Amino acid sequence: MTLEKYSIGIGDRFGRQGAAQLDALLRAQVAGVIITPVWNKSNREHQIIGTTPSDTRRAADQAVLGRNWSGKYFVDADHISLKNVDHFLDACDFFTLDVAEAIGQLPDPVDLVAFTEAQRRFIGRLTIPGLDANMDVTAAKLEQVGNTYLVAVQEAARLYRHIAAAKGTSAFVAEVSMDECDAPQSPLELLLILAALAAEKVPVHTLAPKFTGRFNKGVDYVGDVEQFAREFEMDLAVVRYAREQLGLPASLKLSVHSGSDKFSLYAPMHRALKKFDAGLHLKTAGTTWLEELIGLASAGGEGLTLAGDIYEQALARFDELCKPYATVIDVDQRRLPAIAEVRGWNGERFAAALRHDERCPHYNPHFRQLLHVGYKIAAEMGGRYLDALAQFEREIAKNVTENLWERHLRPVFLGT
Ligand SMILES: [Zn+2]
């Protein structure tokens with residue numbers, strides 16, 4: 001199975017906004033850019049909401065049917081491991097093999113020797129087209145990469161073979177993710193990881209490295225944008241080289257697990273994609289649910305009351321909601337508006353605090369991040385929340401489509 005040049009992670013917590021998201025991709029199509037949708041939902045999300053991968057499959061199929069989407073689309077088993085992959089086998093055709101936990105585990109000495117022997121060809125001064133400087137590869141560096149990443153690569157291979165045995169090798173796209181770990185991978189490490197994956201015969205389609213800087217959920221990048229831009233370009237050069245030299249799939253590309261809304265990185269990413277004529281998989285987080293809240297609040301009346309109720313409970317259950325996301329959010333409790341203040345807001349004011357628009361003086365990233373992890377409360381409301389989604393569908397869909405098209409697809413894939 002092949003994955004097109006551009007793809008994006010979509011989907012939403014409650015499986016109601018697929019069609020509105022496809023509308024944004026249809027706008028991109030009209031503008032001349034084909035972007036393949038990949039419905040992604042992690043095990044953590046399924047557990048918190050109480051859904052299963054087959055619910056995601058159903059939401060995707062329905063949206064595709066409803067919008068006559070004629071292109072490809074996928075359903076991603078996002079961040080799975082051997083422990084939970086079985087649960088995703090039937091419903092998914094894209095698997096994000098999360099091997100971050102195995103990073104840093106020391107390999108069997110025999111395997112390490114085999115790795116360093118197999119990759120000896122890289123030792124010396126390595127010239128990679130598109131890179132400004134050569135890479136110096138030493139035997140010590142090979143050994144260090146083997147000691148850090150070989151067990152993770154072997155884990156990816158085990159997981160890949162497990163899925164392939166169940167579904168057949170051509171029935172799915174394989175992504176390897178190493179983003180949820182402590183240290184970023186350098187471009188040279190990326191190259192050696194790809195070489196090791198090729199040696200293990202894992203036909204990886206997308207690789208998600210960890211980049212430098214913070215990728216908090218639902219808010220902008222925190223870090224040195226220029227450094228990111230340099231690193232991203234180097235990674236693209238390495239991926240192109242790996243594709244040409246290592247026998248990996250011709251569609252191999254980077255996957256950026258953005259956590260959504262890395263607006264300050266979008267322009268440098270677009271420039272780099274053009275420069276290298278490279279593909280990209282952009283994985284987003286579940287911020288579509290925040291567009292639902294914005295739509296509900298903007299609708300006023302019952303919708304606004306419901307949004308306020310969710311915030312009130314989120315404030316009361318702050319620790320519980322934030323704990324599963326502790327490493328990927330930075331919420332300062334002192335910057336959260338009091339519930340009495342929020343109850344006095346009209347819909348527009350609530351939406352302005354929540355909507356990710358840094359130019360708006362009312363935008364509050366702390367408010368946004370807390371609500372981002374507050375979807376558990378909406379899930380617990382069950383029918384009341386889902387009925388409101390149906391009742392205020394028009395207002396919500398407008399926000400979902402606009403957000404995806406204006407703030408994400410245009411800057412990343414069209415450069416406008
Ligand atoms: Zn990730």
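Scanning segment 1-20 for residues that are part of a loop (DSSP other than H, G, I, E, B) and farther than 14 Å from V173 by Cβ, which turns out most open to solvent (accessible area, probe 1.4 Å)?
Filtering segment 1-20 down to residues part of a loop (DSSP other than H, G, I, E, B) leaves 1-5, 11-17.
Subset that is farther than 14 Å from V173 by Cβ: 11-17.
On the way: G11: 10, D12: 14, R13: 8, F14: 25, G15: 30, R16: 126, Q17: 11 Å².
Here the residue is R16.
Output the residues belonging to segment 208-227 that are buried (at least 22 other Cβ atoms within 10 Å of the Cβ) and at negative phi.
Answer for segment 208-227, where residues must be buried (at least 22 other Cβ atoms within 10 Å of the Cβ) and at negative phi: A208, P209, F211, F215, N216, V219.
At pLDDT below 95 and surrounded by fewer than 21 Cβ atoms within 10 Å (Cβ to Cβ): does that describe E244?
Values: at pLDDT below 95: yes; surrounded by fewer than 21 Cβ atoms within 10 Å (Cβ to Cβ): yes.
It is true that E244 is at pLDDT below 95 and surrounded by fewer than 21 Cβ atoms within 10 Å (Cβ to Cβ).
Condition (residue is within 22 Å of the chain's Cα centre (by Cα) and among the hydroxyl-bearing types (S, T, Y)) applied to segment 240-250: is it met by at least one residue?
The answer is no; no qualifying residue exists.
How many residues are closer than 30 Å to G213 by Cβ, open to solvent by 30 Å² or more (accessible area, probe 1.4 Å) and assigned to a helix (DSSP H, G or I) when one looks only at segment 290-334?
The qualifying residues number 10.
In segment 67-98, which residues are over 20 Å from the mean Cα position of the chain (by Cα), of a type outside the set (G, A, S) and either under 19 Å from L282 (Cβ atoms) or within 13 Å of the ligand (Cβ to nearest atom) (or both)?
Answer for segment 67-98, where residues must be over 20 Å from the mean Cα position of the chain (by Cα), of a type outside the set (G, A, S) and either under 19 Å from L282 (Cβ atoms) or within 13 Å of the ligand (Cβ to nearest atom) (or both): just W69.
Assuming T148 fulfils every condition listed in (1) at positive phi; (2) crowded, with 19+ Cβ neighbours inside 10 Å apart from one, which condition is it?
So the condition that T148 fails would be (1).
Looking only at segment 156-191, which residues are open to solvent by 20 Å² or more (accessible area, probe 1.4 Å), touching a Leu at 6+ places or on another chain (Cβ under 9 Å) and within 16 Å of the ligand (Cβ to nearest atom)?
none
In segment 205-231, how many residues are more than 15 Å from the ligand (Cβ to nearest atom) and over 17 Å from D261 (Cα atoms)? Lay out the reasoning, then the answer.
Filtering segment 205-231 down to residues more than 15 Å from the ligand (Cβ to nearest atom) leaves 205, 212, 219-220, 222-231.
Narrowing the set further to residues that are over 17 Å from D261 (Cα atoms) leaves 205, 226-227, 230-231.
Count: 5.
Looking at this structure, is K201 in a loop (DSSP other than H, G, I, E, B), within 16 Å of the ligand (Cβ to nearest atom) and open to solvent by 20 Å² or more (accessible area, probe 1.4 Å)?
no
With respect to S264, determine if the residue is of a type in the set (S, T, Y), away from the ligand (no atom under 16 Å from the Cβ), open to solvent by 10 Å² or more (accessible area, probe 1.4 Å) and modelled with pLDDT of 95 or more. Spell out the reasoning first.
Numbers: of a type in the set (S, T, Y): yes; away from the ligand (no atom under 16 Å from the Cβ): yes; open to solvent by 10 Å² or more (accessible area, probe 1.4 Å): yes; modelled with pLDDT of 95 or more: yes.
Yes: the conditions hold for S264.
Under 7 Å between Cβ atoms, at least 6 apart or on separate chains: pull out the pairs that start in segment 360-389 with a residue that is free of Cβ contacts under 8 Å to residues at least 12 places away in the same chain and end on any residue that is surrounded by fewer than 19 Cβ atoms within 10 Å (Cβ to Cβ) and not in a helix (DSSP H, G or I).
Cβ pairs passing all conditions: Y363/D357.
Please enumerate the residues belonging to segment 45-95 that are in a loop (DSSP other than H, G, I, E, B), touching a Lys or Arg at 6+ places or on another chain (Cβ under 8 Å) and of a type in the set (S, T, Y).
Matches in segment 45-95: T51 only.
The values are calculated or read from the model by the stated rules, or taken from the named source; none is laboratory data. Bear in mind that the values here come from a model prediction, so they are computed numbers and not experimental data. Glycine gets a Cβ as well: all are built from the backbone with ideal geometry, and neighbour counts include every protein chain shown. Areas reflect the complete protein model, heavy atoms only, side chains present, ligands, DNA and RNA absent. Shrake-Rupley method; radii C 1.70, N 1.55, O 1.52, S 1.80 Å.
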